[in-house]
Amino acid sequence: MRTSDTVYQQNGGMRMLQVLFLLLFLTMVTAQFVFAQTARVQVIHNSADPGAQTVDIYINDGLAINDFEFRKATPYLDLPADTEIVIGVAGPNSSSSADAIATFPVTLANNETYVVVANGVLDPSSFASNPDGRATAFNLWIKAMAKEAVHSNSFEFFVVHGASDAPGVDVVARNVATLVPGARYGDITDYIEVPTGKYKLDINAGGTETTVASFALDASGFAGKTAVVLASGFLDPSVNQNGDAFGLIAAFADGSVAELAPPGPPMARVQIIHNSADPAANEVDIYVNETRALNDFAFRSATPFLDLPAEEEIVIGVAGSASSSASESLATFPVTLAEDETYVVIANGVLDPASFASNPNGRSTGFNLYILDGREDANGAHSTIVRPFHGATDAPLVNVSVRDGASLMTARGYTDGTSYVGVQSAPVTIDVFATGSSDPLASFAADLTDALSGAAVVLASGFLDPSANQNGAAFGLLAVFPDGTAGMLEAATAEPETARVQIIHNAADPGAAVVDIYLGESLAIDDFEFRKATPYLDLPAGEEIVIGVAGPNSSSAADAIATFPVTLTPNGTFTVIANGVLDPSSFAANPDGRATGFNLWVTESVEASTESPKVQFYA
């Protein structure tokens, strides 16, 4: 009954034949209990007894799982509920449920969800006893109210102490919290909810800080998922028939199982950004200790986040682009990073400050590395988080803000930064002001639409006056994203000033019953009829525009029969009324002697909504 074909694990998993038997069994169960109540059940094999390394599982007299291996799990299955079923466990070569070495009568509740863990040893006298006196005989442990998924951005799991020769332990998420205090063999915890991310789990002797074993759990992609984390195997295989050694496994709702590995050496996440505008440092080589980490690292480029050694001093060296070893470094910087922390390292400044303009606030401009706390994402926030950094050596104190939005920094000088600030994930304009001035030094356009829930570092980069700085790169804003994408923000174009305008055709001259309206050289309204009106339109303001009126068959603005230069007040609201007659001598004169020639009357007005309309009368 054995097969070595595997198809479903954490990295590839359960075997094809096992799945086929499961499907066959489910078909049998469905046919037999089509009108029966059901429960959802996941089965996990955590018995480390070498004699139970592989078992067959029976439900009543039907073979449910063939050749079920140690440290494997099923996905959640539908099993009969509200009626007693017998779960039988037999050896791998069984021919029927009569071969079961252990049976367990179970009644499941309708619509309930369970995890069933097969644990313990077949002959306790042949294995080390449990140090807390707990029974270690083979058994099924059943947890009700299990969860197949959760509706949150967190990861939820419960812990099963299933190592028969292990004493009571504490499960500690290193540098976070004690997740499970004093768990003894056979204990099953409630669900534990943690944010997604990377964890180091220390298994400590109960009530002490003595670590028995440590494991790495990368739950970065587990949002909304659930799992069962089991202590598995033997602390001392030599007195337990050389069964599998102690470890932690995680069984997921889909039946995949991961064996957690010991954590690697302490590391930190680091992004390196080259923001030194010194032309002599346009390209550099970066060394970590004696190893070249980056070759020909260009100005205004960045790495993605990298893993670098933590909790020990490393030396970051910066050398010319033609270097052959770390000994050629122009500058070296000893750094000690904290384990599991995230950093942004910015190379900034100039190699020979005397050859460049001094900083107006007296700040040192020598080449240096600036180390900031970093972020690789916004941790689920529905915005983009931005960390600003002032890296322009000859620039004064500045205020930086998102137009009509968040302030990014206030009165900050060269090498100053701030913590991350939430910014709308949309096209925005970033204004840079000299502190105390209301006129921007520069404005930049940044489209953050694709950076939802992302992070970025925005750096003042280059020289305000390149001519006084060896003709280095001109001032701008450099945006750097966690994947290493880096680019200069484009200068923002001034938004054209506009006014709101409604045009009304009230010229009763039959010769102007239908006209074309031009704005400058462009046809704005074609075949505009007497006693018709446009909605309110946005027209250019603050500059002269020419409104031309032509006959209905015009081909260009040159056909205009009358033109009217108009300058509208920015942000104003106006009504433009076309009125009068083309040839007053052919019409009755006005009894008050007023001129009746065709004209445009421009008056300020009020644009109202349909919910609260306003009516204006023009006689």
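Looking at region 31-99, which chymotrypsin sites (Phe, Trp or Tyr not before Pro) are in a loop (DSSP not H, G, I, E or B) and have at most 14 other Cβ atoms within 10 Å?
35
With r defined as the distance between the Cβ atoms of residue 283 and residue 112 and R0 fixed at 60 Å, what FRET efficiency is calculated, to the nearest 0.05?
0.40
Based on the Cβ-Cβ distance of residue 298 and residue 434, what FRET efficiency does E = 1/(1 + (r/R0)^6) give at R0 = 30 Å, to the nearest 0.05?
Given R0 = 30 Å and the Cβ-Cβ separation, E is 0.55.
Using alpha carbons only, how many degrees (0 to 90, rounded to 10) separate the axis of helix 16-32 from the longest principal axis of the chain?
Roughly 90 degrees, rounded to the nearest 10.
Of the peptides 468-479, 198-209, 268-279, how do they stack up when ordered by the mean number of other Cβ atoms within 10 Å, highest first?
So the order, starting with the most tightly packed, is 268-279, 468-479, 198-209.
For residue 493 and residue 139 in the same chain, what is the full-extension length gain: residue separation times 0.36 nm, less their Cα-Cα distance, in nm?
Result: 120.1 nm gained on full extension.
Arrange the following residues from fewest to most other Cβ atoms within 10 Å of their Cβ: 505, 151, 161.
The order, fewest Cβ neighbours first, is 151, 505, 161.
Using 7 Å Cα-to-Cβ label points, what is the residue 175/residue 290 separation (nm, one decimal)?
2.8 nm
Which of rounded, prolate, oblate describes region 109-243, given a ≥ b ≥ c as roots of the alpha-carbon gyration tensor eigenvalues and a/c under 1.5 marking rounded, otherwise prolate only if a/b is larger than b/c?
It is oblate, given that a/c is not under 1.5 and a/b is not larger than b/c.
Picking from 357, 301, 270, whose Cα lies most toward the positive end of the charge dipole for region 267-372 (charges on Cβ: Lys, Arg +1; Asp, Glu -1)?
Most positive-ward Cα: 357.
Need one number: the % of Cα-Cα pairs in region 66-110 sitting beyond the 11 Å mark.
Across region 66-110, Cα pairs with separations above 11 Å total 72 percent.
For the chain, what class follows from the C-alpha gyration tensor (a ≥ b ≥ c being the square roots of its eigenvalues): rounded when a/c is under 1.5, otherwise prolate if a/b is larger than b/c, else oblate?
Because a/c hits 1.5 or more and a/b fails to exceed b/c, the chain counts as oblate.
Decide, for region 167-320, between rounded, prolate and oblate: order the square roots of the alpha carbon gyration tensor eigenvalues as a ≥ b ≥ c, take rounded if a/c falls under 1.5, and otherwise choose prolate if a/b is larger than b/c, else oblate.
The shape class here is prolate.
Let me have the relative contact order for the chain, percent, based on Cα pairs under 8 Å that are six or more residues apart.
Rounded, it is 7 percent for the chain.
What are the ³J(HN,Hα) values, in whole Hz, obtained from phi via the Karplus relation 6.51 cos²θ - 1.76 cosθ + 1.60 with θ = phi - 60°, for each residue of region 368-379 in sequence order, with x given for Gly and Pro?
7, 10, 10, 10, 10, 5, x, 9, 9, 7, 8, 6
Under 5 Å between amide H atoms, partner at least 5 residues away or on a different chain: which partners does residue 448 have, H built in plane at 1.01 Å?
426, 428
If you rank 125, 164, 95 by fewest surrounding Cβ atoms within 10 Å, what's the result?
The most exposed by this proxy come first: 125, 95, 164.
Please work out how much length the chain gains when fully extended from residue 245 to residue 445, using 0.36 nm per residue of separation minus the C-alpha to C-alpha distance, in nm with one decimal.
66.2 nm
Counting helices only, and only those DSSP H runs with n ≥ 4, report the 222 nm mean residue ellipticity of the chain as the sum of -39,500 (n - 2.57) divided by its residues, in deg cm²/dmol to the nearest 500.
Calculated from helices alone, the mean residue ellipticity at 222 nm is -1000 deg cm²/dmol.
With label points built 7 Å along Cα→Cβ from the Cα atoms of residue 307 and residue 592, find their separation and express it in nm.
If labels sit at residue 307 and residue 592, their model points lie 8.7 nm apart.
Using amide H atoms built in the peptide plane, which far-off residues or other-chain residues are under 5 Å from residue 91 H to H?
Long-range HN contacts for residue 91: 56, 101.
Enumerate by residue number the chymotrypsin sites (Phe, Trp or Tyr not before Pro) in region 118-192 meeting two conditions: DSSP loop (anything except H, G, I, E, B), and at most 16 other Cβ atoms within 10 Å of the site's Cβ.
Counting only loop positions with at most 16 other Cβ atoms within 10 Å, the chymotrypsin sites (Phe, Trp or Tyr not before Pro) in region 118-192 are 191.
I want to check the label-to-label distance for residue 209 and residue 559. Put each point 7 Å from Cα in the C-beta direction and report it in nm to one decimal.
9.1 nm
On full extension of the chain, what length is gained from residue 259 through residue 351, given 0.36 nm per residue of separation minus the C-alpha to C-alpha distance?
Full extension of this stretch gives 28.1 nm more.
Computed from the coordinates by the stated procedures, all read-outs in this text should not be read as laboratory data. The structure displayed is predicted, hence computed values, not measured ones. Positions of Cβ are generated from backbone atoms using ideal geometry, with glycine treated the same way; all protein chains shown enter the neighbour counts.
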